[in-house]
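Visitor: I'd like to ask you about the structure that follows.
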Amino acid sequence: MFDHLTERLAGTFKKLRGGSVLSAAHVDDAIKEIRRSLLEADVHFKVVRDVCARISERAVGQKVWDSLNPGQQVVQIFHDELVELLGGKNQQLPDFAGKPPVVVLLVGLQGSGKTTFAAKLALYLKKKLKKSVGLVPADCQRPAAKTQLQILGQRIDTPVFDSALEKGAVAVAREGLAWAAAQFQDVVIIDTAGRQQVDDELMQEIQALNHAVVPGFRFLVVDAMIGSQGLEVARTFHERVPLTGLVVSKLDGDARGGVALSAREVTGVPIVFAGVGEKIEDLEAFHPDRMASRILGMGDVMALVEKARESISEEEAAESAGKMMSGQFSLEDFRDQMKRLRSMGPLEGILKLMPGMGQAMAQMKNVDADKEMKKVEAMISSMTRQERKNPDLLNGRRRLRIAEGSGTSVADINRFIKQFAEMQKMMKQMSKMGLAKGLMKGGLKGLLNR
Ligand SMILES: Nc1nc2c(ncn2[C@@H]2O[C@H](COP(=O)(O)OP(=O)(O)OP(=O)(O)O)[C@@H](O)[C@H]2O)c(=O)[nH]1
Ligand SMILES: [Mg+2]
């Protein structure tokens, strides 16, 4: 998601340089690209207009900070603006507290991922919040929906109400609520029917449901692929049943996910969860900060750390993330990291998360990444310890020796060293932009201990 935007912005900001005050020309140049990219990412044009206006207002006339060039500064401003737009830095997940059973009503268009999310949420509530959960199929349009939920419920060992679908959604929901209360469940999740488009009949049904069961939480599930029409969908649902949260599903796909920005902006309610796959475990808390960083081509360092945590020890993960962020990442660290990466699974997915790699990947489309990695490993292994610590030592003679030792060419080595230097630079920039501080200040530790 957002990959194209990332590439586009990286290109633009490379062009922006110099000057001690941000000029309107600097900013305009960047904004033009940002506008185009956001539109291409399916962000609704009104949202695009607003955010671009906000950025230029904040940016023009600002003094360029000592450590940043104008391009980076516009990125920083845009980053902050995007984080705000997506919900701010300190967004918290709902606690699902209240007088039991707390009712969660799920609404959304057909195929948006409601039923899947019902099961995902149930699993999350059970595992993370230690709640007892009941599922109520109230989709009376499509009888198969009940079976679908029953199968999912069985898989996560969660009771599913045996709805009498012929009675209609409102009666089913009422009975389901009574059933959950009788079983002393903490939370009851009601899965509703979808429609291909927002139509009045559907809206009346969910309004009636809303009155009948008085949900504490009303979530709209939107498919990341819906495009800019997502804005209207979100607006309409929100007008009929005031939403308390948004869930964006299918963020694992190719969709650029601009709908996240649009729906959030038009409803003002937080995006709480992200669906990232078809499996019941594929649910994540929505992180505005992460998403914004990703948009700006900084890579998704947090996700990388999380992924790393699964396959390496916590100390190792913390250490290498710390080094990365402080810009003291040596070739030796890089080689160690690569070995670990290879044990983590499909390389492409991992590389996408690394700062600056989005662009590199685009150039690498036809390259066998695993073969390349082995080559790089061989190169690093043929260097002396000192060379690995300080690549500046690598003069022509040394490069020739390494090429011979690793079965590669001097050109290969030159290219790799250049790429590595760029990666290091990118990491340093990221840490300057404050990302490192936030990460190290508890963020990382908290993440690792979760
Ligand atoms: N890749 C991916 N697929 C998803 C995700 N969430 C749901 N799906 C798939 O999307 C399709 C529709 O999901 P459902 O949960 O049945 O959607 P729904 O909103 O309940 O659909 P209706 O009940 O027909 O309105 C299914 O094939 C799901 O496996 C996700 O986060 N990622
Ligand atoms: Mg369904």
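Visitor: When the chain is fully extended, how far beyond the present Cα-Cα distance does residue 23 get from residue 236, taking 0.36 nm per residue of separation? Intermediate results must be reported in sequence, preceding the final value.
Guide: Working: separation 213, 0.36 × 213 = 76.68 nm, distance 4.05 nm.
Stretched fully, the residue 23-residue 236 segment lengthens by 72.6 nm.
Visitor: Kirkwood hydrodynamic radius, the range 102-286, all distinct C-alpha pairs: what's the number in Å?
Guide: Kirkwood hydrodynamic radius for the range 102-286: 16.1 Å.
Visitor: A further question follows. Under 18 Å from a label point 7 Å along Cα→Cβ of residue 141: give me every residue in the range 183-207 with its amide N that close.
Guide: From the range 183-207, the list is 190-207.
Visitor: Here is a further query. So if each residue of separation counts as 0.36 nm, and I subtract the Cα-Cα distance between residue 229 and residue 151, what length gain in nm does that give?
Guide: Length gained, residue 229 through residue 151: 24.9 nm.
Visitor: Using the Karplus curve 6.51 cos²θ - 1.76 cosθ + 1.60 with θ = phi - 60°, work out ³J(HN,Hα) for each residue of the range 91-102 in order, rounded to whole Hz, and write x for Gly and Pro.
Guide: After applying 6.51 cos²θ - 1.76 cosθ + 1.60, I find 5, 10, 6, x, 8, 6, 8, x, 6, x, x, 6 Hz.
Visitor: Between residue 184 and residue 45, what's the calculated FRET efficiency when r is the beta-carbon distance and R0 is 51 Å? Round to 0.05.
Guide: Step by step, r from the Cβ atoms, then E = 0.55.
Visitor: OK, next. Taking amide H positions as placed 1.01 Å from N in the peptide plane, with prolines and chain starts having none, which residues 5 or more places from residue 223, or on another chain, fall under 5 Å of its amide H?
Guide: For residue 223, the qualifying residues are 249.
Visitor: Determine the alpha carbon to alpha carbon distance for each of 89/128; 250/425; 99/279; 89/146 and list only those over 27 Å.
Guide: 250/425; 99/279; 89/146, as the Cα separations exceed 27 Å there.
Visitor: Expected output is a single nm value to one decimal: the length gained when fully extending between residue 278 and residue 425, i.e. 0.36 nm times separation in residues minus the C-alpha distance. What is it?
Guide: Value of the extension gain: 49.2 nm.
Visitor: For residue 188, enumerate residues with amide H under 5 Å from its amide H, sequence gap 5+ or separate chain, H modeled in the peptide plane.
Guide: 102, 103, 104, 134
Only the coordinates and a few stated rules stand behind these numbers; no lab work does. Predicted, not measured: the structure shown is a model, and the values here were computed from it. We place every Cβ from the backbone using ideal geometry, glycine too, and count neighbours over all the protein chains shown.
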